[in-house]
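S.K.: Here you go, one structure.
The values are calculated or read from the model by the stated rules, or taken from the named source; none is laboratory data. Small disclaimer: the values here were computed from a predicted structure and weren't measured. Virtual Cβ from ideal backbone geometry, glycine too; neighbours counted across all protein chains shown.
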Amino acid sequence: MIKNYLKIAWRNLIKNKVFTTANIVGLTLAFTVAILLAMNALFELSYDQFHKNKDSIYQVYASAQTPKGSEIALSKSVPFAPALKEEVPGIKNIARALSTNVLVIYKDKELNLDAEYLDVDYFSIFSFPVVFGNTSKPLQDRNSIAITEKASNKLFGTKDGIGKTVRLKIGKEEKPFSVSAILKDIPNNSSANFDIAIPFENHREYDENKDDWDSRNHSVFLQLEQGVSVEQFEESTVEFSKLHFREEIESRERDGALPDVNGRYVQLSLLSSSDRRFASFATGVVRVQRIFPYMILGIAFLIIFIACANFINMNIALGEKRLKEIGMRKTLGAIKGQLFVQFWLESLLVFMLSIILGFILSNLLLEPFKTLFNSEATLANLMSPTILLGFLLGILAITFIAGGYPALLLSRLNTLNALKGKWEMGKNGLRNVLIVVQFVIAIILISGTLVFQGQIQFMRNKNLGYNKEQVVSIPLNGKKDSYRVIELLRNELQGNRDILSVSGADNNLGRGRDGSASTSVMGFDYKGRGLRTNVQTVDYDFAKTLDLQLVAGRMFSREYSADSLSMVINEAMVKEFNETENPLATRVYFNEDSVAYSVIGVIKDYNFKDVSRKIEPLTLFLDRNYDLYYAYIKVAPTNITESYEAIKRAWQTVEPNAEFIGSFLDENVDRTFRREKTMATIITSGSILGIVLSCIGLFAMSLLVVAQRTKEIGIRKVIGASVSSITLLLTKDFLKLVGVAFVVGTPIAWYALDRWLQEYAFHVPLSMWFFIGAGFLAALIALITVGTRTIKAAAANPVKSLRTE
């Protein structure tokens, strides 16, 4: 019986090649894209899920009340973690972690590696397996380090580098360390990503800050004892906070800050390690939002829905050609169940073939997909038993619903009507609903594409307050003193007319090729108020190199030896000081024992952080006691490629053993909104595919409508109707459905996109034209799709359509 069903199903699919091909192509494309998108989303959701203790691992953060509202502080002081472990119960393990880069020297090799300064308990908390060496204690003493297999291969040419001695440049010194453990390479879905682990006590600022509760520069992670809840732990830290942050609490209360709902000014809290990837702190409240992966899964689901809606509509359209076959089968004794199984098996064959082709195509497109979306995901992310079971059940459900409904509809036809070729479809309620939903989805995706692309262009073209097109930033990743390197670069490039200026700073603008981005914040009292400012150490010619606009006073100059005790501030910092009348008269004592620092200049606000964030107070210092980490070189607008090559040659002369990873600032800025570009690409791809699939469905529906109204078209032509009037008659119903979709979809798209844009301090205006354009585009595509078929039907000879009765 089943063999007979399959044989007939196959024959029918071959007989109706156009519909079968359209169904298979549409479903294959949908499944291919859905598989790739689901793979990427599940990879994102898998971040930090590989740690064995993930349910009891947390990052410590503080919620502090200020006169401007709540703020979140992730950085902690050196004595914080040991004191917390000793004074607060419920902690099984605790570890400090400080991310940075370190220069590793082995024989004639110099490599700049991603480093993590860690406490010993870090490897008891997190699951980073040891391949060679002591598995229970990778960092055996203060002079030992652990490196990954990849780093070992780079340094020693082998994965087993146990016992080898390397030198690390820490501050201005080179110190020897012995490799005591080789770690398995850090997984791509890990928030912590490092090549080398160094005992925390070796950090250059450790000794001077080991008793200082005010200097905060690292994260703290802990593992709770079994049975200790987050709420219990946070409540038990109240007295700890009152003791160790007493002066800070008094300052906040003095400055007019209001306590939180529990009457506290500082509250220690815990963030689950599984939520680190998705946590946002910009609003002063921790918000964990998995919007990006769920949005990707949502788009995958919507594409599958559109393809299934097409399949249902096209099968119903195909049923018009099979009415006599159904009537004959019923006359010969076929019952509803047998007809249902027959039609459902045809659908099942199409779905199974489409799924197989989808898997093959997704595998072929995997590498281009990873490159386009900057993803490390693989099809292995779909291979867990839970995901495979869910995928199988989902496919069965989709097949049963999408294939079962047309089968049920066809099997219930009246025998006499079927033999006459008559199919009374009623008001086509389900068909119209499916078309409306398809175009609601399409309009939302098109609107999203237009707004996302608009926001990216807005961020890319926004005047950031500095020259990003002509300035190259270079990470100073070599052995030599940073100030010496910048001076040597000046000397090497001074004869080149296309090199206009050279300077340096301790922070980069945007995100360079080294992947790092950092900021430093300092708090101090001024006239009885607590103030906070971002701080940056710079070299001479900093404003000249970046084309920063000077509002008042002057920049640092070689002609003034006292500039090491001077500051240049931005306009936001002037407001923070509340010295708008005469900011150049501002003098600050940063602590009781310090000398006075004077403001010598005010620069116009510029975006020294991400474009999405508002401009914060900034203070520039000229202090050779602090290293510079980036060189900035301004080039002439002509011969930019040649200038870049000249800079590269100069670098290789100055630092022959260090890798050159310089990049223009506009490239750096582009990297800061990489996720937005990925989201825009996904939504654009989804909208294009959604429109294509919707057009396939509309084309099928136009075939059905024309088939049902063939006699009507012939009669209208005989009595004098024009081709245009008949075309309008046949297409207006579809355009009405697109209009309904526009009315339904626009408010949904407006709400979602408005919520998304609120996360940006600077964003493109949400104009109604985005949505009008999306609606017009959807209507135009629908008109072209339906119109091509209806014009052909309206232009046909009416004699052919009337003589069949």
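S.K.: Here's a check for you: in the range 207-223, which residue that is in a helix (DSSP H, G or I) and either charged (D, E, K, R) or within 34 Å of the chain's Cα centre (by Cα) (or both) is nearest to ASP121 (Cα to Cα)?
M.R.: Ranking the qualifying residues of the range 207-223, first place goes to ASP207.
S.K.: Looking at ARG497, ARG431 in this structure, which one is basic (Lys, Arg), more than 24 Å from ASN625 (Cβ to Cβ) and out of contact with any helix residue (DSSP H, G or I) (no Cβ under 9 Å at 6 or more places or on another chain)?
M.R.: Going through ARG497, ARG431 in turn, just one is basic (Lys, Arg), more than 24 Å from ASN625 (Cβ to Cβ) and out of contact with any helix residue (DSSP H, G or I) (no Cβ under 9 Å at 6 or more places or on another chain): ARG497.
S.K.: Next up: For ILE162, work out the one condition from (1) more than 31 Å from the chain's Cα centre (by Cα); (2) outside any loop (DSSP other than H, G, I, E, B); (3) of a type in the set (A, V, I, L, M, F, W, C) it doesn't fulfil.
M.R.: Going through the list (1) more than 31 Å from the chain's Cα centre (by Cα); (2) outside any loop (DSSP other than H, G, I, E, B); (3) of a type in the set (A, V, I, L, M, F, W, C), ILE162 breaks only (2).
S.K.: While we're looking at this one, here's another question. Can you name every residue in the range 85-108 that is β-branched (Val, Ile, Thr), in contact with a helix residue (DSSP H, G or I) (Cβ under 6 Å, 6 or more places away or on another chain) and assigned to a strand (DSSP E or B)?
M.R.: ILE91, ILE94
The rows are residues; the columns are (1) at pLDDT 90 or above; (2) assigned to a helix (DSSP H, G or I).
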position	(1), (2)
ASN4	no, yes
ALA9	no, yes
THR20	no, yes
VAL25	no, yes
VAL60	yes, no
SER70	no, no
ALA83	yes, yes
GLU110	no, no
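S.K.: Spot the failing condition for SER612; the list is (1) buried (at least 16 other Cβ atoms within 10 Å of the Cβ); (2) modelled with pLDDT of 90 or more, and only one is missed.
M.R.: (2)
S.K.: Out of the residues in the range 150-164 that are touching a strand residue (DSSP E or B) at 6+ places or on another chain (Cβ under 6 Å) and free of Cβ contacts under 8 Å to residues at least 40 places away in the same chain, state the one that is surrounded by the fewest Cβ atoms within 10 Å (Cβ to Cβ).
M.R.: Once the filter is applied, the top-ranked residue is ASP160.
S.K.: Condition first: at negative phi and assigned to a loop (DSSP other than H, G, I, E, B). Can you find one or more residues in the range 678-689 that meet it?
M.R.: No; the residues of the range 678-689 include none that is at negative phi and assigned to a loop (DSSP other than H, G, I, E, B).
S.K.: Picking from PHE200, PHE301, PHE305, which residue would you name as being aromatic (Phe, Trp, Tyr), surrounded by 19 or more Cβ atoms within 10 Å (Cβ to Cβ) and outside the structural domain of TYR58 (by TED's automatic domain parsing)?
M.R.: PHE305
S.K.: Can you tell which of LEU777, LEU783, LEU753, LEU729 is at pLDDT 80 or above, farther than 19 Å from THR449 by Cβ and either part of a helix (DSSP H, G or I) or small (Gly, Ala, Ser) (or both)?
M.R.: Exactly one of LEU777, LEU783, LEU753, LEU729 is at pLDDT 80 or above, farther than 19 Å from THR449 by Cβ and either part of a helix (DSSP H, G or I) or small (Gly, Ala, Ser) (or both), namely LEU783.
S.K.: On to the next question. I'd like to check something: does the range 82-100 contain any residue that is in the same structural domain as ARG264 (by TED's automatic domain parsing), touching a residue at least 40 places away in the same chain (Cβ under 8 Å) and closer than 30 Å to GLY528 by Cβ?
M.R.: yes
S.K.: Further question on the same structure: Mind listing just one residue for me: the one in the range 644-658 that is within 33 Å of the chain's Cα centre (by Cα) and assigned to a helix (DSSP H, G or I) and, of those, surrounded by the fewest Cβ atoms within 10 Å (Cβ to Cβ)?
M.R.: Among those residues, the one meeting the criterion is GLU645.
S.K.: Ok, one more. May I ask you to verify whether PRO293 is surrounded by 19 or more Cβ atoms within 10 Å (Cβ to Cβ) and out of contact with any Ser or Thr (no Cβ under 9 Å at 6 or more places or on another chain)?
M.R.: It is true that PRO293 is surrounded by 19 or more Cβ atoms within 10 Å (Cβ to Cβ) and out of contact with any Ser or Thr (no Cβ under 9 Å at 6 or more places or on another chain).
S.K.: Could you tell me how many of the residues in the range 246-263 are of a type outside the set (A, V, I, L, M) and in contact (Cβ under 8 Å) with a residue 60 or more places away in the chain?
M.R.: Final tally of qualifying residues: 8.
Per-residue answers, yes or no, for (1) at pLDDT below 90; (2) under 40 Å from the mean Cα position of the chain (by Cα); (3) surrounded by fewer than 17 Cβ atoms within 10 Å (Cβ to Cβ); (4) closer than 29 Å to THR638 by Cβ:
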| residue | (1), (2), (3), (4) |
| --- | --- |
| ILE486 | no, yes, no, yes |
| GLY495 | yes, no, yes, yes |
| LYS544 | no, yes, yes, yes |
| LEU548 | no, yes, no, yes |
| MET567 | no, yes, no, no |
| ASN570 | no, yes, no, no |
